[in-house]
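Okay, so here's the structure we're looking at.
The values are calculated or read from the model by the stated rules, or taken from the named source; none is laboratory data. Source: prediction; values computed, not measured. Here the Cβ positions follow ideal geometry from the backbone for every residue, glycine too, while neighbour counts run over all protein chains shown.
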């Protein structure tokens with residue numbers, strides 16, 4: 001059927017007083033260009049309740065974003081204090097497969113809420129070279145251990161002790177951000193060294209433990 005025939009068929013169902021108007025509408029519709037909406041996903045942004053703009057772009061491995069779910073934001077949000085467990089533990093095992101070195105780390109939040117006491121027990125005669133916490137493939141806190149072994153920070157024959165303070169944190173907003181990350185089970189403890197001339201890389205998740213009530217610390221300036 002021709003275009004004119006189609007128009008006449010439509011007009012036959014319209015009251016005579018309205019046919020002129022409908023005919024003009026049909027004539028205009030024939031020349032209307034379709035409208036296509038286009039946008040870039042990379043430019044999509046979501047405003048949070050607090051007024052911050054959160055980008056939808058992804059974070060590549062090796063970067064810290066609290067992740068992460070957000071361990072850290074830039075700029076950092078105001079510190080409201082930490083409410084959560086005061087005791088944590090990690091069982092570490094050599095993931096390289098070169099040795100069967102294993103051990104345990106206990107973390108205890110001190111009463112002032114500004115430091116984590118750390119106690120570590122490793123396989124006897126394991127020579128430890130570094131201990132730290134990791135999240136999103138990045139180091140977030142260095143742990144300086146001392147005492148309880150024969151040769152300072154070297155060969156372990158029992159337990160060693162250390163502390164984590166704000167000065168030991170890497171890439172996070174503050175000490176409370178570290179506590180929140182640990183409490184959310186997104187942090188891994190790493191112990192590296194050698195055993196019988198073989199290098200080991202012992203790792204394990206840090207998880208909350210029972211043994212005391214949740215601790216609320218005031219915000220730190």
Yes or no: the range 182-204 includes at least one residue that is modelled with pLDDT of 95 or more, surrounded by 15 or more Cβ atoms within 10 Å (Cβ to Cβ), in a strand (DSSP E or B) and in contact with a helix residue (DSSP H, G or I) (Cβ under 8 Å, 6 or more places away or on another chain). no
For the range 94-107, give me the residue count where each residue is part of a loop (DSSP other than H, G, I, E, B) and in contact (Cβ under 8 Å) with a residue 12 or more places away in the chain. 6
Please enumerate the residues belonging to the range 108-146 that are surrounded by 14 or more Cβ atoms within 10 Å (Cβ to Cβ), under 21 Å from the mean Cα position of the chain (by Cα) and assigned to a loop (DSSP other than H, G, I, E, B). 136, 143
